[in-house]
Amino acid sequence: MAASPAKIFEALGDPIRRYILELIAAGEQPAGAVVAAVQRHASISQPGVSQHLKVLRDAELVIVRAEGARRLYALDPAGVEAALAWLTALTEPLHQFTQPLDALATEIARGKRARRTAAPPADEAQRNARHA
């Protein structure tokens, strides 16, 4: 399922969730370390931090994997890419045409190459006409 920009930016609206993302951006973190770091940063309970982590998971900004009894959190590249794509569309309106234009340039180059290899050079064609 593709990450929803609306859910992503709603999740990013909270300063604690942004702080959690900054922590996790440094590398995969166990849930206990995230809770401890957030509690040093703000007055919040463990269940409160867990709720923020759930919102970030639901927005597809973080992923969690189990390792024994531990839960390890990491950034979800798909969610981050969805946020970047949405922002890029705002700042670079022609960005959506980049790939189709690249494909067009490839097709033009392919056509030129095909014409060069299919048709003999003009000099060779003239020589062949004189000798015939």
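Observations on the structure shown:
- Residues of region 49-73 that turn out to be outside any loop (DSSP other than H, G, I, E, B) and within 16 Å of Leu12 (Cα to Cα), as a count: 12
- Residue in region 1-48 that is nearest to Glu60 (Cα to Cα), counting only those that are among the hydroxyl-bearing types (Ser, Thr, Tyr) and in contact (Cβ under 8 Å) with a residue 12 or more places away in the chain: Ser4
- Within region 48-72, tally of residues that are open to solvent by 20 Å² or more (accessible area, probe 1.4 Å) and either among the basic types (Lys, Arg) or within 15 Å of the chain's Cα centre (by Cα) (or both): 7
- Test: Ile24 is assigned to a helix (DSSP H, G or I), open to solvent by less than 40 Å² (accessible area, probe 1.4 Å) and modelled with pLDDT of 90 or more: yes
- Yes/no for Glu107 being among the acidic types (Asp, Glu) and at pLDDT below 90: yes
Residue-by-condition table, conditions (1) open to solvent by 80 Å² or more (accessible area, probe 1.4 Å); (2) modelled with pLDDT under 95; (3) hydroxyl-bearing (Ser, Thr, Tyr):
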residue	(1), (2), (3)
Val34	no, no, no
Gln39	yes, no, no
Ala74	no, no, no
Leu87	no, yes, no
Gln96	yes, yes, no
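- Pairs where the first residue, in region 55-83, is touching a residue at least 60 places away in the same chain (Cβ under 8 Å) and the second is among the polar types (S, T, N, Q) and in a loop (DSSP other than H, G, I, E, B), C-beta under 6 Å, 6+ apart: none
- Each residue in region 1-19 was checked for being open to solvent by less than 60 Å² (accessible area, probe 1.4 Å) and in contact with an Asp or Glu (Cβ under 9 Å, 6 or more places away or on another chain), and 4 of them qualify.
The values are calculated or read from the model by the stated rules, or taken from the named source; none is laboratory data. As the structure is a computational prediction, the values presented were derived from the model and not from experiment. Cβ: placed from backbone, ideal geometry, glycine included. Neighbour counts: every protein chain shown. What goes into the accessible areas is simple: the full protein's heavy atoms, side chains included, and nothing from ligands, DNA or RNA. Shrake-Rupley method; radii C 1.70, N 1.55, O 1.52, S 1.80 Å.
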